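Bear in mind that the values in this text are calculations on the coordinates, not laboratory data. Here the structure is a predicted model, which is why all the values come from computation and not from measurement. Note that we place each Cβ from the backbone using ideal geometry, even for glycine, and neighbour counts take in every protein chain shown.
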């Protein structure tokens, strides 16, 4: 009688390598490993070899880089996707895409279950479990690390006991990478007082080099060119990860509130994400009204929270996308930025849809703004505030009746 099959989201790292053996030994299942390439720059041949060494019956590699950029990152740029105003959602964004690919393979392979290597402490278990259940609740989800309640040191012991090959860096840090950013945690980084050593970083460099400028061009809220070269979004991200990264741009050291209720210290490096979102927000400031901007900030924060919290498949996220897309029709133009020793600042912007008018803003005699109009505006704008303070002062001094006028 053939064993039941399970499709495991497999990175080749410590967690998912332990999962292969656990599924084989404890669940007595045939394991199909699947790796979804979203720009993590891994050695996919080595991952395939490791899957074979661990005894998986099949390994599938899916190139999803373009889909990730066009269908996920693009939406996040339009939404200025930042969790708690800092984290550009790199890992959070990729999980629903991986969930979709794993579930598709499970149906093709007639698998009884799917599996992932998430711990019971992390956010990814929420993202995977909800996403997979939304796609097909009839397929069982197995989370070996969570089921065994394994801590990192126990995982390493389990790996050694089951002859799972380990890399040196696995013993030091836990990392997750895709084209939109890189997350690093564990090891000495768990002490929030200790500065992250330079050896944890890959995209960001710390050598002082001369200042450099870049120009980002947007159409309808999406980057379409950089430094006067038209490029697709995936190439722009690659270009900026290198160019901004070599100036030390994109380091985020963050005390983060996880979905499951604990605070954690997270280190992220995201040169392209940081650069693009800063430019996009500045261009929006130029072309959207203050009313649009104020309400969109609320929507952006809700969108980011939902993506971070594993609610990509909730109907509200799609509803928010419709509003966000409507605001992006005028977000077309160029933003000029200056990079120097970890500093990134916008130094120029232009758009045919600009609401800025120099003839109104200028302090020279060429201004067309009638300053006399301001007096009446101020009186009307502050009328209730002035009345409220007059009433408060009368009550405090015991004088009554003076507020009737």
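Okay, here's what the table says:
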{"read-out": "Mean residue ellipticity (222 nm) of the chain, computed from DSSP H runs ≥ 4 via -39,500 (n - 2.57), nearest 500", "value": "-12500 deg cm²/dmol"}
{"read-out": "Gain upon complete extension [residue 224, residue 326; 0.36 nm per residue less C-alpha separation]", "value": "34.9 nm"}
{"read-out": "Exposure proxy order (Cβ contacts within 10 Å, fewest to most) of 331, 6", "value": "331, 6"}
{"read-out": "Order of 91, 364 - criterion: other Cβ atoms within 10 Å of each residue's Cβ, fewest first", "value": "364, 91"}
{"read-out": "Gain in span if fully extended, residue 61 to residue 138, counting 0.36 nm per residue against the direct Cα distance", "value": "25.3 nm"}
{"read-out": "Where labels lie 7 Å past Cα in the beta-carbon direction, separation of residue 239 and residue 45 in nm", "value": "3.0 nm"}
{"read-out": "Order of 299, 94 under a 10 Å beta carbon neighbour criterion, fewest first", "value": "299, 94"}
{"read-out": "Cα centroid separation, the stretch 237-255 to the stretch 308-336 (Å)", "value": "23 Å"}
{"read-out": "Expected-Rg normalisation [2.2 N^0.38 Å, Cα atoms] applied to the stretch 283-350", "value": "1.35"}
{"read-out": "Label point distance in nm, residue 350-residue 263, each placed 7 Å from Cα along Cα→Cβ", "value": "4.7 nm"}
{"read-out": "Pairwise FRET efficiency - residue 253 versus residue 104, Cβ, R0 = 35 Å, nearest 0.05", "value": "0.45"}
{"read-out": "Chain lengthening between residue 319 and residue 70 when straightened (0.36 nm per residue, less Cα-Cα)", "value": "87.8 nm"}
{"read-out": "Pairwise label distance in nanometres, residue 358 with residue 186, each label 7 Å out on the Cα-Cβ vector", "value": "5.6 nm"}
{"read-out": "Candidates 368, 236, 324, ranked by Gaussian network fluctuation over the chain, Cα under 10 Å, top entry", "value": "368"}
{"read-out": "Between the stretch 345-376 and the stretch 1-65, the Cα center-to-center distance that results, in Å", "value": "59 Å"}
{"read-out": "Of 118, 38, 134, the one that fluctuates the most in a GNM where the chain has Cα springs shorter than 10 Å", "value": "134"}
{"read-out": "Ratio of Rg to Rh over the stretch 268-405 (Cα coordinates, Kirkwood Rh, two decimals)", "value": "1.15"}
{"read-out": "DSSP-defined antiparallel bridges as percent of all bridges, the chain, nearest 5", "value": "70 percent"}
{"read-out": "Cα-based Kirkwood hydrodynamic radius, the stretch 5-177, one decimal, Å", "value": "16.5 Å"}
{"read-out": "Largest to smallest principal axis extent of the C-alpha atoms in the chain, angstrom", "value": "91, 57, 43"}
{"read-out": "Kirkwood hydrodynamic radius of the stretch 180-350, from inverse mean 1/r over distinct Cα pairs, in Å", "value": "17.5 Å"}
